[in-house]
1. When residues of segment 73-90 are filtered for being without any contact (Cβ under 8 Å) to a residue 60 or more places away in the chain and either open to solvent by 70 Å² or more (accessible area, probe 1.4 Å) or touching a Ser or Thr at 6+ places or on another chain (Cβ under 6 Å) (or both), how many remain?
2. Name the residues in segment 224-246 that are at pLDDT below 95 and within 18 Å of THR180 (Cα to Cα), would you?
3. Considering each of VAL223, VAL184, VAL213 in turn, give the residue that is of a type in the set (Val, Ile, Thr), farther than 23 Å from ALA289 by Cα and part of a loop (DSSP other than H, G, I, E, B).
4. For ASP181, state whether it is buried (at least 19 other Cβ atoms within 10 Å of the Cβ) and under 21 Å from the mean Cα position of the chain (by Cα).
5. Taking the residues in segment 184-214 that are of a type outside the set (Ser, Thr, Tyr) and modelled with pLDDT under 90 as candidates, determine which candidate is nearest to ALA246 (Cα to Cα).
6. Being polar (S, T, N, Q) and open to solvent by 60 Å² or more (accessible area, probe 1.4 Å) is the filter here; which residues of segment 6-32 pass it?
7. Among the residues of segment 142-159, are any within 18 Å of VAL305 (Cβ to Cβ), charged (D, E, K, R) and within 15 Å of the chain's Cα centre (by Cα)?
8. Among the listed residues LYS3, LYS67, which satisfies the condition of being at pLDDT below 95 and either closer than 17 Å to LEU95 by Cβ or open to solvent by 20 Å² or more (accessible area, probe 1.4 Å) (or both)?
Amino acid sequence: MAKTGVLLTGFGGPDSLDAVGPFMCNLMGREPSDELVERVCRRYRAIGDSSPLLEIAGDIARKLQEKLSEGGHDTPVAVGMRYWHPYIGDALARLKEDGYDRVVAVSLSPFESYVAHGAYRKAIDEAAEALGGLEVVEAPLVSELPAYSSFYACSAASALMELERSEGAILVFTAHSLPTDELVANDPYVTGIERVANDVATQLGLSAGEPGVSEKMFPGVSVFGSAEPPRAWYVAYQSKGNRPGAWLGPDLDDVIHAAAANEASALVVIPIGFLTDHMETLYDLDIVASDLAFAADLDFVRAPVASDDESVVSAMAESVAKLL
């Protein structure tokens, strides 16, 4: 009988300022300019000199292994990253050396996308072939687990309570923007984000979302959400890259400007597109977006992400256990 291990996969991130250049080279597929490396280093200096992703992934892996063990599954949970240490290939090699020839892959990227999951699958397939073959099955996306939406409903409610006055506050559910030419009709990335945003909103007692809302606030832009009482909410995209061409929108910056122009009092950002903290939450939201909001005379609160939340990891363990 095949022995099954678990592989927790993620994008990866530099674990020091010296690693920023090599990490970017892996990510871009070419040497970045010195100017670009320095610009990115400044951002990492602002959030503590490194990405917290590997530490958080380690915490999730340990908790996930403990939950599986409590359920009678004595199986290791290895961490493998796509663009930085420990690499996916190295993690699979260690599992193979330890006698595991079947692997359940669990992604730290909550929603299906070519940018993330396509890259993970490519790395896994190449490593499995180099190792002489491994059976790999994928666990359900964490965003498909009811516990994920429930966590963000609690997270959003907690963030609202931080406001001195919540009347006139708008909820904005954010996810990483992607180039539109990488998307297909009814793309699972977009539909998944809209589904979770709608789930969270309805758990908060808000009106269900629909496409093309609030022409007044976003003229000429198709926005998913609801402008109905008791509170308006919208889906927006953040952290757009420098690649030319159209990207998913509306951009969070544009939502901030529109909210200010329409006399909103505050913005509560719920980053449902992210399971863990990293540059996109700690810098793009906590520094850049919050500064932009405050400059526009808007209060700004960012809801916490799930990371190694007990209920979410427990749900992950239950979904993985079915595949062991």
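The values are calculated or read from the model by the stated rules, or taken from the named source; none is laboratory data. From a predicted model like this one, the values you see are computed outputs, not experimental measurements. Positions of Cβ are backbone-derived with ideal geometry, glycine not excepted, and every protein chain shown enters the neighbour counts. Side chains included, ligands, DNA and RNA excluded: accessible areas come from the protein's heavy atoms. Shrake-Rupley method; radii C 1.70, N 1.55, O 1.52, S 1.80 Å.
1. 2
2. Within segment 224-246, LYS240, GLY241, ASN242, ARG243, PRO244, GLY245, ALA246 meet the criteria.
3. Details: VAL223 fails: farther than 23 Å from ALA289 by Cα; VAL213 fails: farther than 23 Å from ALA289 by Cα.
One residue alone meets the criteria, VAL184.
4. Working: buried (at least 19 other Cβ atoms within 10 Å of the Cβ): no; under 21 Å from the mean Cα position of the chain (by Cα): yes.
No, not satisfied.
5. First, the residues of segment 184-214 that are of a type outside the set (Ser, Thr, Tyr): 184-188, 190, 192-201, 203-206, 208-213.
Narrowing further to those that are modelled with pLDDT under 90: 184-186, 212-213.
Working: VAL184: 14, ALA185: 15, ASN186: 17, GLY212: 18, VAL213: 21 Å.
Going through the qualifying residues, I end up with VAL184.
6. Let us first name the residues in segment 6-32 that are polar (S, T, N, Q), namely 9, 16, 26.
The answer is ASN26, and nothing else.
7. Filtering segment 142-159 down to residues within 18 Å of VAL305 (Cβ to Cβ) leaves 142-159.
Restricting the remaining residues to those that are charged (D, E, K, R) gives 144.
Add one more test, that the residue is within 15 Å of the chain's Cα centre (by Cα), and what stays is 144.
So far as segment 142-159 goes, yes, one or more of its residues are within 18 Å of VAL305 (Cβ to Cβ), charged (D, E, K, R) and within 15 Å of the chain's Cα centre (by Cα).
8. Values: LYS67 fails: at pLDDT below 95.
None of the other options fit; the residue is LYS3.
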